[in-house]
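Right, one structure below, let's go through it.
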């Protein structure tokens with residue numbers, strides 16, 4: 001009996017050791033894969049782009065009215081599984097038209113989301129309380145502590161979100177005043193809640209900012 005117990009203890013210790021080694025290897029590979037400068041990250045990005053392309057063929061063309069028509073509703077959602085870590089879906093207009101597709105993959109504390117309309121692509125790399133944003137493959141901004149900062153020296157302020165999770169909408173300041181209010185997904189009202197409400201006409205850069213923040217807030 002003692003011999004069997006001793007053998008069992010040895011096997012159990014070996015199993016824990018192997019598990020620990022596998023975990024460390026996977027964690028190291030994961031850290032490499034999520035480094036934006038690494039080849040592994042770029043391969044992952046291309047894989048997600050290919051996945052996203054499959055779900056974007058039916059998107060309604062984006063025009064000047066679409067931003068104000070964007071809703072919080074999602075369709076064609078697919079959750080991640082054991083063999084497929086990617087979730088995907090589409091966001092519609094208030095008229096149930098598919099206007100934006102997205103794919104998301106998470107590992108550890110890092111989440112990578114690609115979102116595409118008919119004319120632009122956003123990449124969101126969220127780690128902790130910081131989210132890096134790319135637009136059409138170029139650095140667009142860093143969102144941290146409610147502020148969206150432009151890339152480069154000086155970190156120009158693009159927008160500031162006055163997040164009000166207990167209210168139906170949160171003001172988004174562009175410049176010195178609120179130009180947009182973003183709908184809070186947890187406070188949906190009605191069957192077709194708007195993702196945002198425009199308070200004034202926006203410039204093209206401001207539209208990109210508002211759209212990026214609306215998508216970011218929806219996840």
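The values are calculated or read from the model by the stated rules, or taken from the named source; none is laboratory data. Computed from a predicted model, the values in this text were never measured in an experiment. With ideal geometry, Cβ positions are generated from the backbone for all residues, glycine too; neighbour counts draw on all protein chains shown.
Points worth noting:
- Considering (1) more than 16 Å from the chain's Cα centre (by Cα); (2) more than 20 Å from residue 182 (Cβ to Cβ); (3) at pLDDT 85 or above; (4) not in a strand (DSSP E or B), the lone condition that residue 16 does not fulfil carries the number (3).
- The listed residue being under 30 Å from residue 49 (Cβ atoms) and touching a helix residue (DSSP H, G or I) at 6+ places or on another chain (Cβ under 9 Å), out of 114, 149: 114
- Looking only at residues in the range 170-219 that are free of Cβ contacts under 8 Å to residues at least 40 places away in the same chain and in contact with a helix residue (DSSP H, G or I) (Cβ under 8 Å, 6 or more places away or on another chain), the one that is surrounded by the most Cβ atoms within 10 Å (Cβ to Cβ) is 180.
- Unmet requirement for residue 64, which otherwise passes all of (1) over 13 Å from the mean Cα position of the chain (by Cα); (2) at pLDDT 95 or above; (3) closer than 26 Å to residue 142 by Cα: (2)
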